[in-house]
Amino acid sequence: MSKSYYDPSDLRKFGNIADWNEELGKKFFDYYGKVFEEGALTAREKSLIALAVSHVVKCPYCIDAYTQDGLKRGITKEEMIEAVHAGAAIESGATLVHGVQMMNKYNKLSM
Amino acid sequence: MLIKSLKKRENELANARKQLKILSEGIFETGELPMFSAQLEAVNKSVLKPKTLEILQINVGYMCNQVCEHCHVDAGPDRKEIMTRETMQQCLDVIKKTGAHTLDLTGGAPEMNPDFRWFVVEATKIGVKDFIVRSNLTIITANKKYYDLPEFFKKHNIHVISSMPHWTKGKTDKQRGNGVFNASIKALKMLNDVGYGMPGSKLKLDLVYNPSGAFLPGDQAALESDFKKGLLSDFDIQFHQLFSITNLPISRFLDYLIASDNYNDYMYNLVEAFNPAAVENVMCTNTLSVSWDGWLYDCDFNQMLELKVKSSVQHISQFNKEALSNRTICISQHCYGCTAGAGSSCQGTVT
């Protein structure tokens, strides 16, 4: 067994998930493939959204995959870092907006 | 940024045999990944055989004004291999009788060959349907003596195909050297000014895109659309088609892959993207590559790996269509580069 929870070469084995439950695995990969097709949003735009979300959910496999995917699509590093900031801003905003709860509670409990 | 070729630096990867050895050991030797020959067998193609010869690609020399990081030719200003007029004459004699509809001049920078213009004028007289010159663009602005190339190309109805790794400066200069982007933009403007690449123009100007790093090219049509938008809005430049080409793991790109610890992952990407449909149309089946000294190869990549055609006829001076059409194409693991995804050739995707 690997001493690390994350091994970059495990990304290549992602498809093996279907080995233990073919039906659900197939449904997932079909869905996944469909989601990233050209639609109302371009595949390029979806790739940048995926990159931002990869950072927010802190998935190293996804970060590797969507950095590479962006490079393939000719997405620039300026676009990539802005997408990561958009994700980071939402994530930090999500923390900070809870400050309102803290303030509400503080005010309620204070004389 | 590179300034000298692998050959000049006496790097071991300048040696074709060393490259072929690397491509046959490691993950391929252990069986972790299948050899290209085994992959062909798995799709019932035990060997690759040529079809009708359509394209004669002539490498008129390895000298170039640029030293690009990914160059499979290991070209540069220090390369002295240049085709002589005598060999050019032998090529002309062959062009007359092959029936190939496309003549494709490459290098190095083909324009740096002192007999380049003579060759173009003579070859034009033969009247091939599509006469391509692969120009790196910067050569046009490199020296006064090249400034009239757009007019020269126009006069002889040359189909210009030029390299452009990105529509932004940073990526282009990283791969091809500082200043290359601005010089390329200037050259593209000069070509547009004489009519090349304009909508509806018969003066064909196509661009070649190849990734600036250890990743495969994305969808050719999507990239073309982004290139067109970027070059038009930022620089008012137009072109016809974009050909996306996969970098093959040989020469300077192989050196880069190994040095950056990307070799294994890149080979995995190529093998996983193997597309049997691309095998049907790989360019070695309709192309013949001629080196500066007149030897014949299945493609420009095999030329750099010094894999001469497996035929009783190996030199342009002995050209025999029949003998060559019966040959078996030489393959190694670099061939995965032409069969990945939508396939890759000097004319872009093949599926």
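Just to verify a result, which residue in segment B:281-325, among those that are at pLDDT 95 or above and charged (D, E, K, R), is farthest from B:Leu48 (Cα to Cα)?
Only one residue fits best here, namely B:Asp293.
Tell me the residue from B:Phe239, B:Phe181 that is touching a helix residue (DSSP H, G or I) at 6+ places or on another chain (Cβ under 6 Å) and in contact (Cβ under 8 Å) with a residue 12 or more places away in the chain, please. Break it down into steps so the answer makes sense when it comes.
Values: B:Phe239 fails: touching a helix residue (DSSP H, G or I) at 6+ places or on another chain (Cβ under 6 Å).
The match here is B:Phe181.
Any chance you could count how many residues in segment B:177-226 are in a loop (DSSP other than H, G, I, E, B) and within 14 Å of another protein chain (Cβ to nearest Cβ)? Working first, answer last.
As a first pass, look at segment B:177-226 and keep what is in a loop (DSSP other than H, G, I, E, B): B:177-179, B:194-204, B:210-219.
With the extra rule that they be within 14 Å of another protein chain (Cβ to nearest Cβ), the set shrinks to B:210-219.
So the count comes out to 10.
Checking B:Thr246 against (1) over 30 Å from B:Asn182 (Cα atoms); (2) among the hydroxyl-bearing types (Ser, Thr, Tyr); (3) surrounded by 23 or more Cβ atoms within 10 Å (Cβ to Cβ), which test does it fail?
Result: B:Thr246 passes all but (1).
Do any helices (runs of 4 or more DSSP H) lying entirely in segment B:63-167 carry at least 2 residues that are touching a residue at least 24 places away in the same chain (Cβ under 8 Å) and within 14 Å of chain A (Cβ to nearest Cβ), and which ones are they?
Qualifying helices (runs of 4 or more DSSP H): none found.
From the set of residues in segment B:284-294 that are surrounded by 22 or more Cβ atoms within 10 Å (Cβ to Cβ) and not small (Gly, Ala, Ser), which is nearest to B:Arg79 (Cα to Cα)?
B:Trp292
Can you list the helices (runs of 4 or more DSSP H) lying wholly within segment A:1-90 that have 1 or more residues being out of contact with any helix residue (DSSP H, G or I) (no Cβ under 9 Å at 6 or more places or on another chain), more than 14 Å from chain B (Cβ to nearest Cβ) and over 29 Å from B:Ile245 (Cα atoms)?
Result: A:17-20, A:22-35.
Under the condition of being free of Cβ contacts under 8 Å to residues at least 12 places away in the same chain and not in a loop (DSSP other than H, G, I, E, B), which residue from segment B:20-38 is nearest to B:Ile331 (Cα to Cα)?
Looking at the filtered set, the residue picked out is B:Ala38.
Looking at B:Glu41, B:Glu54, which one is over 21 Å from B:Thr138 (Cα atoms), free of Cβ contacts under 8 Å to residues at least 40 places away in the same chain and surrounded by fewer than 23 Cβ atoms within 10 Å (Cβ to Cβ)?
On the way: B:Glu54 fails: free of Cβ contacts under 8 Å to residues at least 40 places away in the same chain.
After applying the criteria, what remains is B:Glu41.
Go through (1) away from every other protein chain (no Cβ under 11 Å); (2) within 30 Å of B:Met198 (Cα to Cα); (3) hydrophobic (A, V, I, L, M, F, W, C); (4) surrounded by 15 or more Cβ atoms within 10 Å (Cβ to Cβ) one by one and return the number of the condition B:Leu232 breaks.
Just one mismatch for B:Leu232, condition (4).
Taking the conditions exactly as written (within 14 Å of chain A (Cβ to nearest Cβ), among the acidic types (Asp, Glu) and in contact (Cβ under 8 Å) with a residue 24 or more places away in the chain), does B:Asp173 satisfy them or not? Step through it out loud before you land on a result.
On the way: within 14 Å of chain A (Cβ to nearest Cβ): yes; among the acidic types (Asp, Glu): yes; in contact (Cβ under 8 Å) with a residue 24 or more places away in the chain: no.
No: the conditions fail for B:Asp173.
Going by the structure shown, is B:Tyr266 under 17 Å from A:Leu71 (Cα atoms) and buried (at least 21 other Cβ atoms within 10 Å of the Cβ)?
Working: under 17 Å from A:Leu71 (Cα atoms): yes; buried (at least 21 other Cβ atoms within 10 Å of the Cβ): yes.
Here the answer is yes, as B:Tyr266 does meet what is asked.
Give the residue, chosen from B:Ile316, B:Ile331, that is touching a strand residue (DSSP E or B) at 6+ places or on another chain (Cβ under 8 Å) and of a type outside the set (Phe, Trp, Tyr).
None of the others qualify; the one that does is B:Ile316.
Every residue, every condition in (1) out of contact with any Phe, Trp or Tyr (no Cβ under 7 Å at 6 or more places or on another chain); (2) among the aliphatic types (A, V, I, L, M), yes or no:
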residue	(1), (2)
B:Ile132	yes, yes
B:Ser135	yes, no
B:Ile139	no, yes
B:Ala142	yes, yes
B:Asp148	yes, no
B:Phe152	yes, no
B:Ile158	no, yes
B:Pro165	no, no
B:Lys169	no, no
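Test of understanding: among A:Ala40, A:Ala18, which residue is modelled with pLDDT of 95 or more, farther than 22 Å from B:Ala214 by Cα, exposed (fewer than 14 other Cβ atoms within 10 Å of the Cβ) and hydrophobic (A, V, I, L, M, F, W, C)?
A:Ala40
Name the residues in segment B:10-19 that are free of Cβ contacts under 8 Å to residues at least 40 places away in the same chain and either in contact with a Cys (Cβ under 9 Å, 6 or more places away or on another chain) or surrounded by 15 or more Cβ atoms within 10 Å (Cβ to Cβ) (or both), would you?
If the condition is that a residue be free of Cβ contacts under 8 Å to residues at least 40 places away in the same chain and either in contact with a Cys (Cβ under 9 Å, 6 or more places away or on another chain) or surrounded by 15 or more Cβ atoms within 10 Å (Cβ to Cβ) (or both), then no residue fits.
Being within 26 Å of B:Phe227 (Cβ to Cβ), free of Cβ contacts under 8 Å to residues at least 24 places away in the same chain and surrounded by 15 or more Cβ atoms within 10 Å (Cβ to Cβ) is the filter here; which residues of segment A:46-97 pass it?
Across segment A:46-97, the qualifying residues are A:Lys46, A:Ala50, A:Tyr66, A:Thr67, A:Gln68, A:Asp69, A:Gly70, A:Leu71, A:Lys72, A:Gly74, A:Thr76.
Report yes if some residue within segment B:254-263 is within 11 Å of chain A (Cβ to nearest Cβ), among the acidic types (Asp, Glu) and part of a helix (DSSP H, G or I); otherwise report no.
Checked segment B:254-263: no residue is within 11 Å of chain A (Cβ to nearest Cβ), among the acidic types (Asp, Glu) and part of a helix (DSSP H, G or I).
For segment B:310-351, enumerate the residues that are within 18 Å of the chain's Cα centre (by Cα) and not in a loop (DSSP other than H, G, I, E, B).
Correct list: B:Gln333, B:His334, B:Cys335, B:Tyr336, B:Gly337, B:Cys338, B:Thr339, B:Ala340, B:Ser345, B:Gly348.
The values are calculated or read from the model by the stated rules, or taken from the named source; none is laboratory data. Being a predicted model, the structure only gives us computed values, none of them experimental. Every residue, glycine among them, receives a Cβ derived from its backbone with ideal geometry; neighbour counts consider all protein chains shown.
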